Structures are given as C-alpha cells and as structure tokens.
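> One structure is given below, represented as structure tokens, and several questions about it will come after.
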C-alpha cells in the first residue's frame, strides 16, 4: 500500500506544495529583496502597468484613460497592480527568477517593447522620405492589371480532349449568334471547379484557377460585352470567355497608397533603429569566448 501511495500524483503535488511553503517561510524571515514591505502606488506606476498590460506603449493615451476612470475602476486597477507587485516581490524573494529562461526572454521583450515605443513616437517621415521609400520598393505597391469576365466550360476529362474542344467550338457559334449575355453563362457548358464569373480579378488569382496559358490570353482581349471568344485551353479543358472589363496595371501615386507606405516605411525605420540600439548595447560589453570555444572571429589566425 505504501508503494502505491508513492505513485499517486496528488501526493507528489502535496509534497511539492509543502516544500514550497517551507521555502517561503524561510525566505520570509529575511528582508524583502528591495529592503521594504511598502508598495508605493503612484500615477507613473499605474501608467506603466496599464501600458504593459495592454501591450500598447502610448503614455498620452493612457494618461487620458487614467484621468477618466470611474472610482470603482480606479480602485480595481490599483488592486491589480498591488497584487502583481506583491507576487513579483515574493517570487524574487524565492529566487524563482534565477536561471528562468522564460523570465529572461520576458525581460528582453520588455526592454525591446520600451525601445520600440520610444523610437516609434519619435519617427517622423517627410514626403520626400516616403517617396524615396516607395520608389525603392516599387513592386510592393504596383497595382496589377485586372479583368472582369465570365466563361463557359467544357471538361476535357469528362468528354475527352477532342470532343471537349469540338463541343466548345460548336457552342461558341451558338453563343455569338444568339447574343447570349454575361449573366446567362451559367446555363451553358459544364460545371467548373471554381467560379463562373470573375469580377475585377488580378492575373495571379486567374492563373491559380485556370493556369498561366489561359490567363495570359485572357488579358490580351479587349473588353466587349457582346463577343464570346475561344476556345481557350486551361489545365481542365476548354473555355469560351466574355471579357467585359480590362484594367491595365499601374504604379500608383503616393497619395493613392499613403497609408500603406507610411506604415511600411515606419516599420522599416523602426527595425533599422532597433538594430542600431541592439548593436550599441552589445558593443558596450567585452565579449570573451571561453571554455575552449573558438569561432572564426575569435581565432588568433584571423587577420583584420
């Protein structure tokens, strides 16, 4: 019976809890790590607490929030901060922070969070800087050509290659002679795997549904809502198409995509500045490789 008890998970949990309680009792006999049992709750502490908790670094915004908190919400905020601070101090007193990799990463993320917030609030990009960034990343903002069309499909797998093409050619004459309009396309041909109508779609989406060959031919057509063209070969069979709108691709002006450019350029600048700060921090330390480890940079044979 004793051996069976030793295997009980609940007993293990109780034993671990008892050890932790004893450790806490021993540590509690000494002074707290900061030398005081006083927890000072002031405006700055609450503002910092609110920003970390929301993961948004914006002092001005949270000052306004704090100033307009109802009394009950303010007291709840104070209680939350007090609890967190007390638990943090007790955890430090128990040395739970030592050799804790997750805590180490958490502290690093907090430092990066503060640095990012400070840098972000200081980034002001002029129109000339935005234009230079946009020109350097022209492909990112290029507006691709788009088309609107419908199609009548004949499945090569179902009918066979030759029969499907013959059916498509015969149907092409019927569609044009009868002046079948755009909206009646679904009543002709076979069921297609994807859509029957495509409205304002770019080349990459069309190629993903039909293959590159049909996509390239489709964009060569002039828009005309009275003419059916084809047959065009796709990876699935043959298609008769009516293209009613063709919009050529173009490079937009800054004003057209200002919001995207501002966000992208600011993020890029933020990364550059963060890299500089991180490198400056590393450079402030003397790095010594010990314990028999060697790298190309630390090798005595390396010549500068």
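None of the figures in this text is laboratory data; all of them are computed from the coordinates on show. Note that this is a predicted model, so its numbers are computed, not measured. Cβ atoms come from the backbone with ideal geometry, glycine included; neighbour counts cover every protein chain shown.
> Using a Förster distance of 45 angstrom, determine the FRET efficiency expected from the C-beta separation of residue 102 and residue 126, and round it to 0.05.
Details: r = 42 Å, r/R0 = 0.93.
Computed FRET efficiency for residue 102 and residue 126: 0.60.
> To continue, here is another question. Please give, to one decimal in nm, the separation of the simple spin-label points placed at residue 72 and residue 55, each 7 Å out from Cα toward the Cβ.
Between residue 72 and residue 55, the simple spin-label model gives 2.9 nm.
> What is the gain in length, in nm to one decimal, between residue 161 and residue 65 on full extension, counting 0.36 nm per residue of separation less the C-alpha to C-alpha distance?
Working: separation 96, 0.36 × 96 = 34.56 nm, distance 6.90 nm.
That works out to 27.7 nm of additional length.
> Where in the stretch 109-143 does the amide nitrogen come within less than 13 Å of the point 7 Å from the Cα of residue 271, taken along Cα to Cβ?
So the set is 137.
> Over the stretch 144-247, calculate the relative contact order: mean separation of alpha carbon pairs under 8 Å at least 6 apart, over the residue count, as a percent. Write out the running numbers ahead of the final one.
Numbers: 184 pairs, mean separation 47.1, N = 104.
Taking the mean separation of contacting Cα pairs over the length of the stretch 144-247, I get 45 percent.
> Over what distance in Å are the Cα centres of the stretch 41-97 and the stretch 159-186 separated?
The stretch 41-97 and the stretch 159-186 have Cα centres spaced 70 Å from each other.
> Taking R0 as 45 Å, what's the FRET efficiency between residue 86 and residue 118 from their Cβ-Cβ distance, rounded to 0.05? Walk me through the numbers on the way to the answer.
On the way: r = 29 Å, r/R0 = 0.64.
The computed FRET efficiency comes out at 0.95.
> On to the next question. Report the normalised scattering of the stretch 116-164 as log10 I(q)/I(0) at q = 0.12, 0.14 Å⁻¹, calculated by the Debye formula with identical scatterers on the alpha carbons.
Log10 I(q)/I(0), no solvent term: -0.59, -0.65.
> If you take the Cα Rg of the stretch 144-247 and divide it by 2.2 N^0.38 Å, with N the number of residues, what do you get? Each step should come with its number before you reach the end.
Values: Rg = 12.5 Å, N = 104, 2.2 N^0.38 = 12.8 Å.
Compactness ratio reported: 0.97.
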